[in-house]
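What follows is a single structure, written as structure tokens, with notes after it.
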Amino acid sequence: MCGIIGYTGQRPAGQIILDGLRRLEYRGYDSAGIALFDANHELYVARAAGKIDNLISKIEGSLPPAVSGIGHTRWATHGAATDLNAHPHLDPAGRVAVVHNGIIENFEALRRPFVERGLAFSSDTDTEVLAFLIADEIQAGVDLARAVQNVVAQTQGAAAVVAICCDEPGRIVAARVGNAGGIVIGHGDGERFVASDLAALLPHTRRVTFLEPGEVADIRPDEVTYYDTAGHVLAKPVETQPWDPVAAVKGRYKHFMLKEIHEQPDTALDSVRGRYLTAPHRVEVEDLPFTAEQVRDFNRVVLIGMGTSMHAAMVGRHYLERYARLPAEVDNAAEFRYRSPVLDPRTLVISVAQSGETIDTLAAMDEARRAGCPQITICNTPGAQTTRIADATVYMRAGPEIAVASTKTLVGSMIALHALGLHLGRLRGALDAETSRRQVEGALHLPAAIGETLLLEPRVAELAARYAAYEDFLFLGRGLSYPMALEGALKLKEVSYIHAEGYAAGEMKHGPIALIDERMPTVAIALRDEVRDKMRSNIEQVKARRGRVIAIVSADDVSLDGIADDVLRLPEVEPDLSPVLTAVVMQLLSYEIAVERGADVDQPRNLAKTVTVE
Ligand code: G6P
């Protein structure tokens, strides 16, 4: 939520910041803004509501030569998406500029003394007061880094704050407060970058340092000094990130979402590589710090996540139960943390979060940490906050995902959870050789099977053209396909703004069936598994009420031809891994419908990729 980028060095800062904002736009696109020091060390500020293109047309060649500055792309929390509420925000004298991600809960109380002094705020944001406060500190002779630290210490809530001041062009100070919004510093040759996430830095450097909550970075072109909450200087390592910058470019695809859907054979290949072994067939998940004895001692698993990651966790529950014979439950992280959950040191907590920064997931993990639970996180972002809280990280290995709607990270997380279930199952002595063999072979076949699934695209596009005008959809599934029914509905809502409900098919008779008529199509996942016949009955029930049905069926299953209106046949796959292929079809369907309706696929209204507010 909200993208931040800053640069200090010798190169043209304006262009570097605008390019960075483009790469960060998926984090929020309610407005964008930039603050630079021009040749006279005066602040040049430009801000515009809407997407970055609006900012660029507003600037229209007026970008001053500058060697440092900051930029921001906003996902609105306080105040509408207007020019005035766009960041950066300034103090009344226009000497301090601030960008911010997160929420300052006590901003009204912080504003009050300024209002009493007769000073006016020009925005409705919770951010602007930070610039006022920092300017006051500087006026009183406090150094910029200390000023930022003093100001964030007065704030309640969690935030990432980046500030610059006219007195010292070339210097940028960044602070991270609590879990909302990461800050990563990029190290170049005689230049430094700061950003809310890695994607913006990858074209420039892979040498980075992540700030922990409470830390401050004082950034100059040739050096960065870090401080802890108490103001003591900290030594922090420079890490080298493996991500390929080219992966964050759209290439020949019309949208990032389509590109990322098509990258999934590679995601699967990377996810199985080195984990699924043959001769003998076994699964090894890297870097788990638990001994076999500890793993045998776990008596329960709680899986948590939000959005698509929660749907992955729901699939993961089946794997943990099936292979590791551990009682497993799944919860939405935001509900979990307020439920006074019963946890103890034998409860394994597995969190799933592609960004690794979702505030509700972080808060739930903090709760689990307080209870002494061993924790594994499934994450896609190297160095993200979840990876720092958990005892171990199993990476999704999906590479940068830019489209706001998650696609390849879902596939990466389901495979990671499959591997984890099998790995823990082996350590617990709960897994037989035949299951192990079947699952390893099934997983190794996934890249090819996903590739084959993608060949359905023209057929899905043809269906999309026929179904795009409906305003309501029902998605039904059972067992492992139930989370994919939820995911199908979520994807459709996210990218095409169509109302869609995902249901466990058994629940259909208890309410949703009342909605069914010829205006509400049903997407039914009816794969050949132990619940296929029950799904068939559900489909008959929909048909009996004049509902249209798109059935997703197994490779050579013709039993629903002539019953369902349309049939999409998945390639052959190990049944336990079928959610991976179903997910791909659901993604194609929602993508093609959204394109058909002319929706903004990569940046759907109101959404953001990383949700750092509660
Ligand atoms: C946002 C994104 C979703 C994502 C969810 C959870 O809503 O738009 O695509 O599934 O956050 O994100 P996480 O980073 O925790 O997986």
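For a quick check of your reading of the filter: which GluC sites (Glu not before Pro) in the stretch 246-348 sit in a DSSP loop and have no more than 14 other Cβ atoms within 10 Å? Could the numbers behind the result be given before it?
Details: sites: GLU260, GLU263, GLU284, GLU286, GLU293, GLU321, GLU329, GLU335; in loops: GLU263, GLU284, GLU286.
Filter output for the stretch 246-348: GLU284, GLU286.
Label-point separation (nm) for ASP143 and ASP83, each offset 7 Å from Cα along Cα-to-Cβ?
Going from the ASP143 label point to the ASP83 one covers 3.9 nm.
Counting each DSSP H run of 4 or more residues in the chain as -39500 (n - 2.57), what helix-only mean residue ellipticity at 222 nm follows after dividing by all residues, to the nearest 500 deg cm²/dmol?
Details: 18 runs with 215 residues, N = 614.
After summing the helix terms and dividing by residue count, I get -11000 deg cm²/dmol.
Could you give me the ³J(HN,Hα) list for the stretch 286-291, computed from phi with Karplus coefficients 6.51, -1.76, 1.60 and θ = phi - 60°, whole Hz, x at Gly and Pro?
Here the 3J(HN,Hα) series is 5, 6, 8, x, 8, 6 Hz.
Would you please name the trypsin sites (Lys or Arg not before Pro) within the stretch 285-349 that are DSSP coil residues with at most 12 other C-beta atoms within 10 Å of their C-beta?
Sites meeting the loop and neighbour criteria: ARG339.
Pop out the ³J(HN,Hα) list for the stretch 555-562 in order, Karplus 6.51 cos²θ - 1.76 cosθ + 1.60 with θ = phi - 60°, rounded to Hz; leave Gly and Pro as x.
Those phi angles translate into 2, 10, 8, 10, 5, 9, 4, x Hz.
I need the phi-derived Karplus couplings for the stretch 599-609: 6.51 cos²θ - 1.76 cosθ + 1.60, θ = phi - 60°, integer Hz, Gly and Pro marked x.
Per residue, the Karplus-derived 3J(HN,Hα) values read 7, 7, 4, 6, 10, x, 4, 6, 9, 8, 6 Hz.
At 0.36 nm per residue, and after removing the present C-alpha to C-alpha distance, how many nm does the segment from THR278 to SER122 gain when stretched out fully?
49.7 nm
Taking amide H positions as placed 1.01 Å from N in the peptide plane, with prolines and chain starts having none, which residues 5 or more places from VAL330, or on another chain, fall under 5 Å of its amide H?
LEU303
How far apart, in nm, are the 7 Å Cα→Cβ label points at ALA504 and GLN154?
5.2
If the chain between ASP297 and GLU335 were fully stretched, how many nm would it gain, using 0.36 nm times the residue separation less the Cα-Cα distance?
In short, 11.0 nm is gained.
Could you tell me the largest-minus-smallest coordinate of the C-alpha atoms of the stretch 3-251 on each of the three principal axes, in descending order and whole angstroms?
Here the Cα extents, ordered largest to smallest, are 52, 43, 35 Å.
Between the stretch 409-439 and the stretch 116-171, how many Å separate their Cα centres?
50
Taking 22 Å as the cut-off for C-alpha to C-alpha distance, list the pairs among LYS408/LYS509; LYS254/LYS493; LYS259/LYS493; LYS491/LYS543; LYS58/LYS254 that go past it.
Over 22 Å Cα-Cα: LYS408/LYS509; LYS491/LYS543; LYS58/LYS254.
When DSSP assigns beta bridges and you keep just the ones with both residues in the stretch 260-452, what percent turn out antiparallel, to the nearest 5?
10
Once a ≥ b ≥ c are taken as the square roots of the eigenvalues of the Cα gyration tensor of the chain, is the result rounded (a/c under 1.5), prolate (a/b larger than b/c) or oblate (a/b not larger than b/c)?
It is prolate, given that a/c is not under 1.5 and a/b is the larger ratio.
How many angstrom lie between the Cα centre of the stretch 514-572 and the Cα centre of the stretch 89-114?
55
Mind sorting TYR323, TYR395 by how few other Cβ atoms lie within 10 Å of their own Cβ, fewest first?
Final ranking by Cβ density, sparse to dense: TYR395, TYR323.
Could you work out the relative contact order of the stretch 260-452? I mean the mean sequence separation of Cα pairs under 8 Å and 6+ apart, divided by the number of residues, in percent. Don't skip to the end; give the middle numbers.
Working: 385 pairs, mean separation 61.7, N = 193.
It rounds to 32 percent for the stretch 260-452.
Hey, can you grab everything whose amide H is under 5 Å from the amide H of VAL394? Only 5+ residues off in sequence or another chain; H modelled, so Pro and N-termini drop out.
Amide H neighbours of VAL394: THR377, ILE378, CYS379.
Using amide H atoms built 1.01 Å from N in the peptide plane, name the residues 5+ places from LEU568, or on other chains, whose amide H lies under 5 Å from its own.
The list, which skips near neighbours in sequence, is ALA551, ILE552, VAL553.
Pop the C-beta distance of GLU441 and ASP517 into the FRET formula with R0 = 41 Å and round what comes out to the nearest 0.05.
Computed FRET efficiency for GLU441 and ASP517: 0.40.
Please report the relative contact order for the stretch 122-271, taking Cα pairs under 8 Å with a sequence separation of at least 6, and give it as a percent rounded to a whole number.
Working: 221 pairs, mean separation 24.0, N = 150.
After rounding, I find 16 percent.
For the residue pair ASN606 and ASP366, what label-to-label distance in nm results when each label sits 7 Å from Cα along the Cα-to-beta-carbon direction?
2.7
Out of the stretch 538-614, which trypsin sites (Lys or Arg not before Pro) are coil in DSSP terms and have no more than 11 other C-beta atoms within 10 Å? Before the final figure, lay out the partial values.
Working: sites: LYS543, ARG545, ARG546, ARG548, ARG569, ARG597, ARG605, LYS609; in loops: ARG545, ARG546, ARG548, ARG597, ARG605, LYS609.
Loop-located and lightly packed - ARG546, ARG605.
Helix check for the chain. Which DSSP H runs span at least 24 Å along their own axis by Cα, with a mean Kyte-Doolittle hydropathy no less than -1.0?
Span-like helices, by this rule, are 307-324, 408-427, 433-454, 578-596.
From Cα pairs below 8 angstrom and at least 6 apart in sequence, can you work out the relative contact order of the chain, rounded to a whole percent?
12 percent.
Any read-out appearing in this document is the output of simple, stated calculations on the displayed coordinates, not a laboratory observation. Everything quoted here is computed from the prediction, not taken from an experiment. No Cβ is skipped: glycine too gets one built from the backbone with ideal geometry, and neighbour counts run over all protein chains shown.
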